[in-house]
Amino acid sequence: MDFQRQTSKRLYEEHAATLQLLARVERVFTGRGGAYPPTADDADWAAFARAMVSAIEVEVARHFEFEERELFPRLEEAGDGDLAALLDEEHVTIRAVAQPLAELLRQALAGGLQPQQWQTLKTLGLEFSERLGSHAQKEDGALLPVLDNLLDEDTDRELFSAYAAA
């Protein structure tokens, strides 16, 4: 997509990176065919789990907080409150899956999951992937084009700087 505003471009780039990570989630959780838990020496699993925890606790949280604090109020003021409300509601449902997923990933990294928890981890991972992937695509198709038209150059520069500095 070709956006004019730095803020839209940055969010789009983050969505693209998120979609790549979610493709990895799908491969990891469906490719193992129930072969859980992974072996203790599975370095790929550990790297994946650490990347997922970081994505949930840092990137997703930071991205959502920025949108909720800086963008959704602007959408409401511009008459796009329905879009802001829908996206905000999706943030709530994604967080509801992300929190227990991150906790189980941390427990898995510490070697403390029971067999049923491994199944729950897989289920939450796939649900997180589906919800966040759909959300990112919705933002690419609806939020970012609106944002690109809504922001003037000065506001865009200010928002982009604040987001980049966070």
Checklist entry - If we only count helices (runs of 4 or more DSSP H) wholly inside region 103-166, which ones have 2 or more residues that are closer than 13 Å to Leu71 by Cβ and among the acidic types (Asp, Glu)? => result 153-165
Checklist entry - What are the residues in region 110-133 that are exposed (fewer than 15 other Cβ atoms within 10 Å of the Cβ) and in contact (Cβ under 8 Å) with a residue 24 or more places away in the chain, if any? => result Gly111, Pro115, Gln119
Checklist entry - Among the residues of region 9-21, is any modelled with pLDDT of 95 or more, more than 18 Å from Gly133 (Cβ to Cβ) and among the basic types (Lys, Arg)? => result yes
Item to check | Residue that is closer than 19 Å to Gln6 by Cβ and touching a Leu at 6+ places or on another chain (Cβ under 7 Å), where the choices are Arg74, Arg69, Arg157 | outcome: Arg74
Checklist outcome for this item: Selection from region 134-166 of residues among the aromatic types (Phe, Trp, Tyr) and either free of Cβ contacts under 8 Å to residues at least 12 places away in the same chain or touching a Ser or Thr at 6+ places or on another chain (Cβ under 6 Å) (or both) yields Phe160
Next on the checklist: Can you find a residue that is more than 20 Å from Val146 (Cβ to Cβ), of a type in the set (Val, Ile, Thr) and in contact with a Leu (Cβ under 7 Å, 6 or more places away or on another chain) anywhere in region 34-50?
Outcome noted: no
Next on the checklist: For the list (1) exposed (fewer than 15 other Cβ atoms within 10 Å of the Cβ); (2) over 18 Å from Val25 (Cβ atoms), I need the number of the one condition that Leu143 fails.
Outcome noted: (1)
Checklist entry - Lys9 versus (1) surrounded by 15 or more Cβ atoms within 10 Å (Cβ to Cβ); (2) within 16 Å of Ala166 (Cβ to Cβ): which is the lone unmet condition? => result (2)
Checklist entry - touching a helix residue (DSSP H, G or I) at 6+ places or on another chain (Cβ under 6 Å), more than 24 Å from Ser161 (Cβ to Cβ), of a type outside the set (Asp, Glu) and in contact (Cβ under 8 Å) with a residue 40 or more places away in the chain - does that describe any residue in region 59-82? => result no
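The values are calculated or read from the model by the stated rules, or taken from the named source; none is laboratory data. What you see is a predicted model; the values in this text were computed from it and never measured. Note: ideal-geometry Cβ built from the backbone for every residue, glycine included; neighbour counts use all protein chains shown.
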